[in-house]
Amino acid sequence: MALDNLGDQIKDAIGSHGMWTLRLKTVIKTGTSDLDPDIVRCDDKCDFGQWLHSNEIDKATRTGAPYQVILRLHSEFHNCAADVLELATGGQAPQATELLEGRFSNKSQKLVRGLRKWKGEVN
């Protein structure tokens, strides 16, 4: 795996996953979304998830602790985003907001910290 590619993927992932808060706030406000919670829940549908699960990453990296931590955090992030989405589109805006500002925010911050740490270890 090219280390430059890892750094680029992590940088892009931080930006892309950061946009989820804004996207979910809009869904909470409108109560509608074209996103399917079952697809959002899958951590291999976004660009970063596709790369994370791809064969582009060598076995040594895949078995390392940083990769395993990011894999777990990324999955938890997607599960929580899907939970917020389900609540928001199900007419439960207050509960969706509470989840977004609590557990989702926590998962998002942990993922970003983990990605930054991984990127720092690579550089």
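Overview of values
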quantity: Within the stretch 31-47, considering residues that are at pLDDT 90 or above and in a helix (DSSP H, G or I), the one nearest to Leu87 (Cα to Cα); calculated: Pro37
quantity: Matching residues, the stretch 1-53, being more than 13 Å from the chain's Cα centre (by Cα), open to solvent by less than 90 Å² (accessible area, probe 1.4 Å) and among the aliphatic types (A, V, I, L, M); calculated: Met1, Ala2, Leu6, Val27, Ile28, Leu35
quantity: Selection from the stretch 85-111 of residues that are touching a residue at least 24 places away in the same chain (Cβ under 8 Å) and closer than 16 Å to Ser75 by Cβ; calculated: Leu85, Phe104, Lys107, Ser108, Lys110, Leu111
quantity: Residue identified as open to solvent by 30 Å² or more (accessible area, probe 1.4 Å) and over 15 Å from Leu6 (Cβ atoms) among Lys110, Lys117; calculated: Lys110
quantity: Residue list for the stretch 88-106, filter: open to solvent by 40 Å² or more (accessible area, probe 1.4 Å) and not β-branched (Val, Ile, Thr); calculated: Gly90, Gly91, Gln92, Pro94, Gln95, Glu98, Glu101, Arg103, Asn106
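The values are calculated or read from the model by the stated rules, or taken from the named source; none is laboratory data. All of these numbers come straight from a predicted model, not from anything done at the bench. Note that we place each Cβ from the backbone using ideal geometry, even for glycine, and neighbour counts take in every protein chain shown. Keep in mind that these areas ignore ligands, DNA and RNA; they rest on the heavy atoms of the full protein, side chains included. Shrake-Rupley method; radii C 1.70, N 1.55, O 1.52, S 1.80 Å.
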